[in-house]
Amino acid sequence: MARQILFTLALVLTTLGLGVFGYMAIAGLDFVDAFLESSMLLSGAGPLFTERNSTDALKMFSSLYALFSTLVVVAMVGLLATPVVHRILHRLHQRHQLPMGL
């Protein structure tokens, strides 16, 4: 479980880093604003800056980053839930096994 948490944390930090870099490079935002925009999209709250000041390049980056962020969130939920669901299914399987003679 600890390995899943560490991998998920690394995934979040990498995704945030990509978003920060993209917003700094394409929109010219400073680090704090780029971090805010990236974290808002990653959390599902939506963009802040893109709606007001948007070039075509920024719209494309923001759209692709939003889609990518959604996939990352789904992957994180799967990574964190996998050990728990596996343990539950393993316990259910042990309880419902038939005796060997049947």
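Provide the per residue accessible area, probe 1.4 Å, for the chain, rounded to a whole number of square angstrom.
Numbers: 7290 Å² over 102 residues.
Value for the chain: 71 Å² per residue.
The portion of the accessible surface of the chain made up by carbon and sulfur, rounded to a whole percent, is 71 (1.4 Å probe; DNA, RNA and ligands excluded).
Using only side-chain charges placed at the Cβ, +1 for Lys and Arg and -1 for Asp and Glu, the dipole size of the chain relative to its Cα centre rounds to 740 debye. When Rg and Dmax are taken over the Cα atoms of segment 18-68, they come to 9.2, 23 Å. Ordering L58, M24, V12 by Cα displacement along the dipole of the chain toward the positive end leaves V12 in first place; charges were set at the Cβ atoms of Lys, Arg (+1) and Asp, Glu (-1). Scattering from the chain was approximated by placing one identical point on each alpha carbon and applying the Debye formula without solvent; log10 I(q)/I(0) at 0.10, 0.13, 0.18 1/Å stands at -0.40, -0.55, -0.82.
Which of the chymotrypsin sites (Phe, Trp or Tyr not before Pro) across segment 1-89 are loop residues per DSSP, with 13 or fewer other Cβ within 10 Å? Please list the in-between numbers first.
On the way: sites: F7, F21, Y23, F31, F35, F49, F61, Y65, F68; in loops: none.
Hits after loop and neighbour filter: nothing returned.
Place +1 on the Cβ of every Lys and Arg and -1 on the Cβ of every Asp and Glu in segment 30-87, take the dipole about the Cα centre, and give the residue among L48, F35, L67 whose Cα lies farthest towards its positive end. Going by the charge dipole, the pick is L67.
The values are calculated or read from the model by the stated rules, or taken from the named source; none is laboratory data. Predicted, not measured: the structure shown is a model, and the values here were computed from it. In this analysis, Cβ positions are derived from the backbone assuming ideal geometry, glycine residues included, and neighbour counts consider all displayed protein chains. Surface accessibility is based on the protein's heavy atoms, side chains included, excluding ligands, DNA and RNA. Shrake-Rupley method; radii C 1.70, N 1.55, O 1.52, S 1.80 Å.
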